[in-house]
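Written below as structure tokens is the structure these notes are about.
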Amino acid sequence: MSDTPHEVHESRILRTELLWAFGVGIFVAASLSMIVFTALTLNVNPPSNVERIDPKTLHLSGEFAEQNLGTTVFGDGTVIVRAIATQFMFVPQCFAVPANRRVTLRFASPDVIHGLLITGTNVNTMVVPGFVAQVHTEFTRTGDLLMPCHEFCGQGHSEMWATVQVLPVDLFKPGPDGRVSCAKR
Amino acid sequence: MQSDESSAADSKLEVADEVDETALASVMRTVPLGAAVLAGATVALLVLGYLLIYTLVFIPRGTVG
Amino acid sequence: MRNAERLCLAHFWVAFGAFLFACVLGAWQMWVRSPLGAKIGTPGDYFMSVTAHGVSMAYVLTTFFIMGFGYFVAVTALNRPLPGWIWAWGAFWMGILGVVLALISIGSGHASVLFTFYPPLTANVWFYIGLVLVVAASWVWCALMLVAMHAWKVDNPGRPVPLAMFATVANAVMWLWTTVGVAAELLFQVIPASLGLVQTIDVGMSRTLFSWTLHAIVYFWLIPAYIAFYTLAPRAAGGRLYSDTMGRLTFILFLIYSLPVGMHHLLMDPEHGNGTKFIQVLLTAFVAAPTLLTIFTITASMEIAGRLRGGRGVFGWIATLPWKRPMVLAIGLALVMLGFGGFGGIINMAYGMNAMVHNTSWVTAHFHLIFGGSVVIMYFAIAYEIWPRLTGRDHASLAPLRLQLWLWFTGMMVMTLPWHWLGLQGQWRRVSNFNYADPIIAAWGPWVVVSFVGGIILLTSAILFVWNLVTLHRSEVRAIAKPLYALAVHPPRRVPAALNGFGLWNVLVLVLMLLAYGFPIAQFVIEPSPAAIVHRVR
Amino acid sequence: MTEQRPQQSDPHVLDQPWRIWSTIAVMGIVLVGILLGVIVIPVVQGRSAGIDAFTAICRALGILPGSPAVPQFTDRTPPTPVSQVVWTPDVLQILARADVAKGKAKVQEVCIACHGENGVSVATEYPHLAGQSGAAIYKQLHDYRTGSRVNPQMTDIAKALDEAVTADVAAYYAGQPQRNLNPVTLAVSPPAIVQLVELGDPHRNIPPCASCHRAGAGGPIEAPVLAEQRDEYLIQQLKLYASGQRRNDVYGRMRLIASRLTDEEIKGLAAYYRAGFR
């Protein structure tokens, strides 16, 4: 096959493009390697907890019945926060968590799709009816943080928010039943 | 180099092409240089910004999983 | 050709009418949310407005513009009449009927569920039927595009399909795949619930099906802008397309990679495991590839034009580009916005890091920059470029066109840069008003006002855009037939069948979709999510 | 010109490398994704948390609940629910298929004395039921029956009704013509009260009343529609909620909201919702 100058030049263009595509590959690899690296070393994952729960009977269930909501410290030191996202309120509307200690947040919705984030932290999850949304995290700074509902859930969506009190470890004192409530401010 | 742009879009409205082939051949000797520098710098900035946000904003806010 | 011109103009005017309407709503929404307008309008008004804004921008502007532009490309790039005029007009009127039904449902307050639906909330059934009609109209368009390309290929055996048409058909094929998800969600889940035939919805399934559509739909909107990048801009700048092959490859990559990535919209969802999310994150990272390839190829094409006009040195060609031409200006501004929007995008898709920004203003900023910025500014440029062909009249002056493009760019930057910042602070989406009495939220107030100013600039630009087109319809200047589509430096003489059709790529899409979505969907077939009760907005 | 040149290669031969390499590239990427996302990352994460590889992989796929990186929490806390009502499809079907004629007979026999034949109550301490949401009436009757809500008169009456009749009565009253708020008298409502109804008070975490209690708002299934209600009844119930004496609102939403309202606001809201009473 005798190549004309035309074809030589055309293949040069394609080789240049291929070189660029290689650069694109580096870009893709760089962004992915950060993800894989932090997943392997710091256990960074998106909150994924395929745990089914019937939204219709949440209030009859053990864990998400009204009086069991809030922060509980279990015997082994595990800190679990359970909250309901419902139209148009988080229950409880304030919960306390310790700073710099592993906390597990568990949310469920009895009605429609909600979502939440805690300002200034990486806590963020959808609360989908039918599933327990679970986030494992450590709060790195103390203070009162805002936890709004960030997914459209109806006409009262904008007024749906809660407060998260991140307490220094020495102020985070569970009662005899392991429960911790928000300090009154 | 021959002029042969017959097959790209040879509708009747497409006959005129104001590009001079010799001029084109001469600029094609430098051509992807500027583009490579410009696009390469942009992509490098994107990666840099991404890594900075990842390490300086995301990670200090506490890991999630 | 009279019929062709009427058809295209009808589609474009519906698109831009909806666009202007949506811009007015958008500006109003920003005012209501800002400290300036706190406590104006009820949440009912606000969410009705957001629904109308989303439907008008995302379904009406895009679908009608893409259909109109597709008909234009089919006629001009293939240089033959469109097959099935009756079908095209029928689809047009079906789409109009759908838009009217949807807008009536929204306007009467029976469909304030936003354009992304959120079952188990359900709206009046006519809202969904209206949207299904719009989608069905676009399916007719897809069929016409496929038929047009096929007929051309039969008459021109062995010749490469012109790039503009190849890309348009790539978009049509991708759109057919894309709509499967939302069509399944609407027909099997949401519409039966809205009609009262069922009382519950499997929300895990509905979110997964919608995510199937949710990302690829954005590429459906984007591809006309890329068609302009590859086939209109190099000619408008007075140069050549650097590589026709890369163009074809880019549109093929969009077809393949825009579909099996939708679950990155569900990264924060509890109904999928980490592993299935990771697979789609990895595929999402590869969807950056067609865009990065495009950036290089288009910059190189512009470099050709700039050097042909006497540009020297590494960057001298930038200054010598004909920036006075709207298409060239638009592409420059579009690429800047694409850069910022793309930066936001790679943060969004980064697996765990999505938690930092999910459902915050960061995301709103990202898609307003990419779609409202890069894509819509190219819609403007396309309109300015082809309107003289459609009307036979030319612009008396290009200055108001350039002013409009600059205003759009400025407005978009002023609006979205504060949104990125606010998003990082945790400002969340989809709220009718903020409680500025809260100290955390009060600190955001000034930035919200700045972004509102951006919104006003955008509204001004939108009005000027429509004004420019109206002015053109009355212009006395006669349009001179000018070549439209760019030639490549090396126009293709023959291309492999893989780069001239979609058979192979459809097989790959099928396999990829099975791998990426097979298990995530099957898990709800094997064991449905505990059903959620339908909440009807009436 | 190109077209005249002999074709140097058959398009199918030209096509072959494209088919092969694109398939290899695409499948390779997916395989890397599966390998990393479903195997490497969960197994490594699981090892650091003491979770075996199989469990970790199942969690990554979503077959088992929980994160591959953290031991999963299980809970056995017993519940004491405030209401037994469950909105299952069956219950909604019972409501949808209720027999209005039977409901009417029961109303004429029992309910008429206080709530009126058409749902317009006879005295200011009894709520109007005309056009009320069937689900709301059903839930209250059910709660009276199970003791979640207590009222000396209603508890006995509700205990005498079975599930089907409860639904019939609810459906009958739901079908009576509702009277909407009167715009003329509403116009003189204090702006602060209108604001509470339409916008709520985000600072106190009070959602707008209308977001749940306006017909067709898309709020909770059991939320009663508020349109032309007895003011004395409303005041009394809000105060019972505020003090915690009435507690059959699931997750305490009304107890919280009512406890945050001032006495003035409670009176103002009651006046707002009786505005159109004729």
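The lysines whose alpha-carbon is closer than 26 Å to the alpha-carbon of C:Lys39, local same-chain residues fewer than 8 away aside, are D:Lys267. Shape summary of the stretch C:2-536, radius of gyration then Dmax from alpha carbon positions: 22.7, 70 Å. Only lysines eight or more places from D:Lys104 in sequence, or on another chain, were considered; those with a Cα closer than 26 Å are D:Lys139, D:Lys159. If R0 is taken as 41 Å, the Cβ-Cβ distance between D:Lys239 and D:Val184 corresponds to a FRET efficiency of 0.90. Surface burial for B against C, with a 1.4 Å probe and both sides summed, reaches about 3800 Å² of accessible area.
Peptide D:204-214 has a mean shielding of 6, counted as Cβ atoms of other protein chains within 10 Å of each residue's Cβ.
Shape analysis of the protein assembly as shown yields a ratio of the Cα radius of gyration to the Kirkwood radius, Rg/Rh, of 1.00. With all protein chains kept in place, the per residue accessible area of the stretch B:19-61 amounts to 45 square angstrom at a probe of 1.4 angstrom. Pairwise inverse Cα distances across the stretch B:19-61, averaged and inverted, put the Kirkwood hydrodynamic radius at 13.0 Å. Summed over both chains, the contact between D and A buries some 3900 Å² of accessible surface at a probe radius of 1.4 Å.
Global size of the stretch D:181-278: 12.7, 36 Å for Rg and Dmax (C-alpha atoms, Rg to one decimal, Dmax whole). Span-like helix criteria (full DSSP H runs; alpha carbon extent of at least 18 Å along the helix axis; mean Kyte-Doolittle hydropathy of at least 1.6) are satisfied in chain C by C:62-78, C:85-107, C:125-155, C:326-348, C:445-473, C:503-526.
Taking the C-alpha atoms only, the angle from helix D:134-146 to the longest principal axis of chain D is near 70 degrees. Take each peptide in C:153-162, C:256-265, B:55-64, C:492-501, count the other Cβ atoms within 10 Å of every residue, and average; sorted highest first, the result is C:256-265, C:492-501, B:55-64, C:153-162. Here, the stretch C:184-251 is characterised by an Rg to Rh ratio of 1.33, where Rg is the alpha-carbon radius of gyration and Rh the Kirkwood radius. The residues of the stretch C:86-204 present an accessible area of 33 Å² per residue when probed at 1.4 Å with all protein chains retained. By definition, a body whose alpha carbon gyration tensor gives a ≥ b ≥ c is prolate when a/c is 1.5 or more and a/b is larger than b/c, and the stretch D:133-232 fits this prolate description. Taking other residues whose beta carbon is less than 15 angstrom from the beta carbon of C:Leu209, and scoring Lys, Arg as +1 and Asp, Glu as -1, yields -3. Per-residue extension of 0.36 nm, minus the Cα-Cα distance of D:Val194 and D:Thr80, leaves a gain of 37.4 nm for this segment. Compared with the dominant principal axis of the Cα atoms in chain A, helix A:5-42 is inclined by about 20°. Cysteines in the protein assembly as shown lacking any other cysteine Cβ under 4.7 Å from their own Cβ: A:Cys149, A:Cys153, C:Cys8, C:Cys23, C:Cys142, D:Cys58, D:Cys111, D:Cys114, D:Cys209, D:Cys212.
By accessible area, using a 1.4 Å probe on protein heavy atoms only, the protein assembly as shown has 66% of its surface on carbon and sulfur. A simple spin-label model places the labels of A:Lys184 and C:Leu197 5.6 nm from each other, with each point 7 Å out along Cα-to-Cβ. Taken residue by residue and averaged, Cβ atoms of other chains lying within 10 Å of the Cβ of C:66-77 number 1. Ordered from largest to smallest accessible area (heavy atoms of protein chains, 1.4 Å probe), the residues C:Leu249, D:Leu35 come out as D:Leu35, C:Leu249. Within straight-line reach of C:Lys324, meaning a Cα separation under 28 Å, sit the following lysines at least 8 residues removed in sequence or on another chain: B:Lys12, C:Lys482.
Restricting the calculation to Cα atoms, every distinct pair contributes to the Kirkwood radius of chain A, found to be 19.2 Å. Taking the C-alpha atoms only, the angle from helix D:11-34 to the longest principal axis of chain D is near 50 degrees. One way to sum up the overall shape of the stretch C:484-538 is the equivalent ellipsoid from its Cα gyration tensor, whose semi-axes run 45, 20, 7 Å, largest first. The mean count of C-beta atoms from other chains within 10 Å of the C-beta of residues in C:517-529, rounded to a whole number, is 2. Between the stretch A:1-73 and the stretch C:417-491, the alpha-carbon centres lie 29 Å apart. Here is the interface size for C with A: some 5600 Å² of accessible area buried, both sides summed, with a 1.4 Å probe.
Over all alpha-carbon pairs in the stretch C:175-222, figure out the percentage whose distance exceeds 11 Å. That tail contains 65 percent of the Cα-Cα pairs.
The values are calculated or read from the model by the stated rules, or taken from the named source; none is laboratory data. Keep in mind that what you see is a predicted model, and the values were worked out from it rather than measured. Reconstructed Cβ throughout: ideal geometry from the backbone, glycine too, with neighbour counts over all protein chains shown. Areas reflect the complete protein model, heavy atoms only, side chains present, ligands, DNA and RNA absent. Shrake-Rupley method; radii C 1.70, N 1.55, O 1.52, S 1.80 Å.
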